[in-house]
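S.K.: Next up is a structure, given as structure tokens.
The values are calculated or read from the model by the stated rules, or taken from the named source; none is laboratory data. Nothing here was measured: the structure is a model prediction, and the numbers come from that model. Here the Cβ positions follow ideal geometry from the backbone for every residue, glycine too, while neighbour counts run over all protein chains shown. We work out accessible area using only protein heavy atoms, side chains counted, and drop any ligands, DNA or RNA first. Shrake-Rupley method; radii C 1.70, N 1.55, O 1.52, S 1.80 Å.
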Amino acid sequence: VTRTGYNTMGLYTQYSKLTQYAKNQILGVNRNAAGKDGVPFQMLVSQHISHSRLAVIVIGLFTLAAGIILSSIPWLDYIILKNLKLRDGSLSFHYWQKPGVIRLTKVYIFNVTNPDGFLMQGEKPKLQEIGPFVYREDMEKVNIKFHENGTVSYQHKKILQFVPELSVNKEEKITVPNIPLLTLSTQSNNLGYWVQKTISLLLSMSSYKPFVTITADELVFGYDDKLVALAHQFYPKRKRPAEKMGLLINRNGTLPEVHNIYTGTTGMHEFGLLAKLNGKDTLPFWKEAPCNALRASEGSFFPPRYFTKADVVHVYDKDLCRILPMQYRRSVSKHGISADLFTPTDNIFESVDVDPGNKCYCPGNEFCPPKGLQNISPCQFDAPVYLSFPHFLDADPKLLEPFEGLSADREKHQSYFKIQPKLGVPVEGKIRAQLNLKVDQAPYVSSVKDFPSIIFPIMWVEEGIDDLTPTIRRWIYLATTFADVACPLMTYGFIFLGTCVILGVFVNAYKSLVFTKETIEIGMKNLQRRSSAYIYTSNRFISRRDTYTLLDLNEEENELN
């Protein structure tokens with residue numbers, strides 16, 4: 001039995017050597033080195049040395065490891081964010097500094113067709129919407145300065161150019177309320193009786209009327225008015241209007257406001273948000289929070305919702321005189337680019353009775369407007385101007401009752417932004433706002449004594465972009481839609497390719513060793529025959545060398561033949 005066990009160990013040794021040779025074949029080890037272990041040379045079909053096999057294994061392992069690593073880390077996000085953060089010379093900087101997009105400002109003016117019937121006969125004002133008067137806004141950021149705290153300061157430079165092919169005749173005469181006169185008469189109610197009578201006398205001598213007939217271009221960019229000229233000369237600097245009366249007169253040229261925004265280097269949760277305005281971290285128009293909050297985007301970039309998970313974004317525009325909260329509504333697509341649709345929150349212009357948080361927009365004993373109106377007089381030289389959505393969209397129905405010709409349409413009049421969630425870049429956006437004059441009846445001012453107390457709509461404006469430039473649109477598409485598909489395909493492709501290469505090398509190496517059924521059967525029979533011979537000749541000397549060999553298939557076949 002002992003001898004049989006010894007013989008079995010010899011067989012095990014031979015198979016172990018054969019296995020070691022297979023390993024050497026896989027790794028491309030020199031066959032002579034393997035031959036020293038006593039592996040039968042005739043069992044090997046593949047007898048050449050393959051250094052390339054080891055190289056293929058290394059490539060396979062590298063590809064597999066690369067796929068696993070790339071699939072487990074956000075490497076693509078790192079590349080995108082590196083180019084997204086505002087740095088001098090970065091791709092996002094060039095888009096931000098001079099966007100190159102077609103930004104249009106569309107003006108619609110309410111022409112009063114029955115001014116005499118309204119004043120003399122008590123008729124409802126009949127309003128006829130005239131427009132659009134379209135202006136192309138060429139904008140760039142100037143006086144740019146980066147700061148070590150991760151912010152950048154700049155000023156806007158804007159040039160508005162009339163686009164006649166998209167507009168109605170800007171020389172058409174339009175009848176609108178006399179804003180300077182009605183502003184003066186409304187404010188005179190806070191003065192004494194004799195002061196009001198003095199004002200009435202002076203106005204009567206100058207033949208002022210409560211309505212003026214002017215062109216659209218004059219209303220937008222200014223016309224001469226004696227009251228405005230006097231205010232420009234004598235009013236304090238903070239409240240001093242321009243030399244002419246024009247609703248958009250201060251929009252051309254380099255604007256005085258100095259913006260300071262976060263560049264994203266301190267975190268994407270603050271990317272594009274205002275840090276300061278004219279050196280202050282609150283809005284100067286309001287004294288209390290939350291009305292004086294400044295944490296908002298100026299419209300170029302927003303903190304990506306992909307990182308913030310926030311459903312509300314905020315936009316700041318000086319003409320709005322406040323930040324505008326926008327609520328996420330749903331996911332949309334534009335030119336194959338995914339985007340999130342944001343529209344104003346439901347309570348943005350809510351009355352203070354429902355939302356006491358809006359009380360800071362009418363401090364002290366100041367008039368708090370009904371739902372749908374926003375006081376913007378601090379931004380309009382203290383004129384009683386109120387903001388609303390066009391045609392009093394989502395406003396108190398009582399605001400519509402005094403007029404004929406107003407009809408709100410959500411599709412045409414609602415503001416919105418479509419923002420790419422991973423980059424925070426708007427792919428489309430429109431801000432639509434209506435300017436209204438709050439008139440208080442002044443019975444002691446003869447020229448306007450028949451003008452009743454009313455919130456009178458003057459015009460509404462649409463600003464925004466319909467599309468991005470092809471270059472920016474292509475970059476956004478590659479960084480989002482294309483990358484979302486290509487990145488997983490590449491990483492998992494690496495894993496699949498690396499696995500196939502490694503398996504292929506192993507399979508090919510083991511195929512080079514011929515283990516046929518006949519060879520194994522013959523070897524086993526030979527083992528049994530020799531083991532029996534050792535048992536019967538136990539008194540003879542025992543050879544310490546191996547007592548069995550594996551036979552070559554070709555030699556056995558010759559013997560059988």
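S.K.: Tell me, what is the FRET efficiency for residue 345 and residue 113 to the nearest 0.05, using R0 = 35 angstrom and their Cβ-Cβ distance as r?
M.R.: Once the sixth-power term is evaluated, E becomes 0.50.
S.K.: Whole-Å semi-axes of region 316-435's equivalent ellipsoid, largest first, each the root of 5 times a Cα gyration tensor eigenvalue?
M.R.: Over the Cα atoms of region 316-435, the ellipsoid semi-axes are 28, 17, 13 Å.
S.K.: What list of ³J(HN,Hα) couplings, whole Hz, do you get for region 247-252 from phi and the Karplus terms 6.51, -1.76, 1.60, once you set θ to phi - 60° and write x for glycine and proline?
M.R.: Running phi through 6.51 cos²θ - 1.76 cosθ + 1.60 with θ = phi - 60° gives 6, 10, 5, 8, 8, 8 Hz.
S.K.: Accessible area per residue of region 381-436 at 1.4 Å probe, in Å²?
M.R.: For region 381-436, the solvent-accessible area averages 35 Å² per residue.
S.K.: Hey, if we sort 459, 490 by accessible area with the 1.4 Å probe, largest down, what's the order?
M.R.: Listed by decreasing accessible area, they come as 490, 459.
S.K.: Let me ask something else. What does the extension gain come out to for residue 359 and residue 128, with contour length at 0.36 nm per residue minus their alpha carbon separation?
M.R.: Stretched fully, the residue 359-residue 128 segment lengthens by 79.8 nm.
S.K.: Once the other residues with Cβ under 15 Å from the Cβ of residue 171 are scored (Lys, Arg +1; Asp, Glu -1), what is the net sum?
M.R.: Around residue 171, the charge tally is -1.
S.K.: Suppose accessible area is computed on protein heavy atoms with a 1.4 Å probe; arrange 392, 506 from highest to lowest.
M.R.: Descending order: 506, 392.
S.K.: Nearest 0.05, what FRET efficiency do residue 165 and residue 65 give at R0 = 51 Å with Cβ-Cβ as r?
M.R.: Given R0 = 51 Å and the Cβ-Cβ separation, E is 0.25.
S.K.: Using 0.36 nm per residue, how much length does the chain from residue 485 to residue 190 gain when fully extended, once their Cα-Cα distance is taken away?
M.R.: Contour length minus Cα-Cα distance gives 99.6 nm.
S.K.: Pull up all non-local amide H partners of residue 90: gap of 5 or more, or a different chain, and H-to-H distance under 5 Å with H placed in the peptide plane.
M.R.: It is none; the list stays empty.
S.K.: In vacuo Debye scattering of region 105-206, one point per C-alpha: log10 I(q)/I(0) at q = 0.22, 0.24 Å⁻¹?
M.R.: -1.13, -1.20
S.K.: While we're on this one: Starting from 0 in steps of 10 Å, tell me what percent of the Cα-Cα pairs of region 188-230 lands in each bin.
M.R.: 22, 44, 27, 8
S.K.: In terms of Cα to Cα distance under 24 Å, which lysines are near enough to residue 197, apart from those fewer than 8 places away along the same chain?
M.R.: 209, 226, 438, 449
S.K.: When the accessible area of region 394-496 is split by element with a 1.4 Å probe, what percent falls to carbon and sulfur?
M.R.: Percent of accessible area from carbon and sulfur atoms in region 394-496: 59.
S.K.: Turning to a different aspect of this structure: Restricting the calculation to Cα positions, tell me the Rg (one decimal) and the Dmax (whole number) of region 359-427 in Å.
M.R.: In order Rg, Dmax, the Cα atoms of region 359-427 give 15.7, 46 Å.
S.K.: So what does residue 245 come to for accessible area, using a 1.4 Å probe and Å² rounded to 10?
M.R.: 20
S.K.: Between residue 201 and residue 258, how many nm apart are label points set 7 Å from Cα along the C-beta direction?
M.R.: Between residue 201 and residue 258, the label points sit 4.9 nm apart.
S.K.: Then there is this: To the nearest 20 debye, what charge dipole does region 138-205 have about its Cα centre, counting +1 at the Cβ of each Lys and Arg and -1 at the Cβ of each Asp and Glu?
M.R.: 260
S.K.: Counting only protein chains, not ligands or nucleic acids, how are 123, 462 ordered by accessible area (probe 1.4 Å), most first?
M.R.: 123, 462
S.K.: Which entries in the list 85/287; 158/418; 158/280 go over 29 Å, if you measure between the two C-alpha atoms of each?
M.R.: Listed pairs above 29 Å: 85/287.
S.K.: Spin-label point model (7 Å from Cα, Cβ direction): what's the residue 409 to residue 136 distance in nm?
M.R.: Roughly 2.6 nm, to one decimal.
S.K.: Take the alpha carbon atoms of region 192-257, find their center, do the same for region 82-154, and report the distance between the two centers in whole angstrom.
M.R.: Answer, in whole Å: 23.
S.K.: Something else about it: Give the long-range amide H neighbours of residue 375: residues separated by 5 or more places, or on another chain, with amide H under 5 Å away, using H modelled in the peptide plane at 1.01 Å from N.
M.R.: Under 5 Å from the amide H of residue 375 lie the amide H atoms of 387, each far enough along the sequence or on another chain.
S.K.: How large is the direction-averaged shadow of the alpha-carbon convex hull of region 252-406, in nm²?
M.R.: Hull-based average projected area comes out at 12.2 nm².
S.K.: Let me ask you something else. Need the full-extension length gain, residue 54 to residue 79, defined as separation in residues times 0.36 nm minus the C-alpha distance. One decimal, nm.
M.R.: Taking 0.36 nm per residue and subtracting the Cα distance, the gain is 5.6 nm.
S.K.: What figure in square angstrom, to the nearest 10, would you give for the accessible area of residue 500 with a 1.4 Å probe?
M.R.: About 60 Å², rounded to the nearest 10.
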